[in-house]
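See below for the structure under consideration.
The values are calculated or read from the model by the stated rules, or taken from the named source; none is laboratory data. Please read these numbers as outputs of a predicted model, since none were measured by experiment. So basically every Cβ, Gly included, is an ideal-geometry build from the backbone, and we count neighbours across all protein chains shown.
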Amino acid sequence: MNGQNNLITWFRVNQRVLIELEKITASYYISFSSFVMIDVLYRKDYLTPKEVSEILMISKPATSRRLNILQSHGYVKKFRGDDDDQRVIKLAVTNKGKVMYLKIINSLKKYILLTCEDIQNLEKLLSEVSQLINNA
């Protein structure tokens with residue numbers, strides 16, 4: 001019973017955090033998960049949709065839907081690949097997207113006070129929870 005209570009507590013805390021993060025990004029008409037996609041793209045010159053899907057561990061259709069929303073707001077641009085292969089679509093954050101990204105990051109700094117050690121401990125805990133679920 002204690003393990004179940006811990007799981008419920010973890011879930012509720014996680015939900016509260018996500019609700020707060022969604023409030024921050026909502027003023028820019030995007031979800032927090034879309035903001036995370038911007039974060040991934042912001043750190044690279046460009047990525048393909050497939051690479052974004054793999055990094056975020058989400059399906060290609062989900063990636064495509066989020067990218068279309070980000071593109072409609074002018075936060076992300078799609079362009080064709082190198083002269084060698086025009087079939088490849090690449091993604092990059094626009095200047096408007098970069099401005100929005102930095103504003104959200106500044107807002108998040110007020111809420112996220114985790115140290116690197118805290119994040120490593122959280123990753124370890126999440127890994128342990130994942131193993132428990134997989135072994136159940």
Search result, residues across the range 1-58 that are closer than 23 Å to residue 76 by Cα and in a loop (DSSP other than H, G, I, E, B): 27, 28, 29, 30, 31, 43, 44, 45, 46, 48, 57, 58
Lone unmet requirement of (1) of a type in the set (Val, Ile, Thr); (2) more than 15 Å from the chain's Cα centre (by Cα); (3) at pLDDT 85 or above for residue 9: (3)
Top-ranked residue of the range 24-61 - restricted to ones that are of a type in the set (A, V, I, L, M) and surrounded by fewer than 13 Cβ atoms within 10 Å (Cβ to Cβ), ranked as farthest from residue 89 (Cα to Cα): 26
Residue tally, condition loosely packed, with under 13 Cβ neighbours inside 10 Å and either hydroxyl-bearing (Ser, Thr, Tyr) or modelled with pLDDT of 90 or more (or both), over the range 78-96: 1
Residue list for the range 97-121, restricted to those being closer than 17 Å to residue 20 by Cβ and either within 16 Å of the chain's Cα centre (by Cα) or modelled with pLDDT of 75 or more (or both): 103, 104, 105, 106, 107, 108, 109, 112
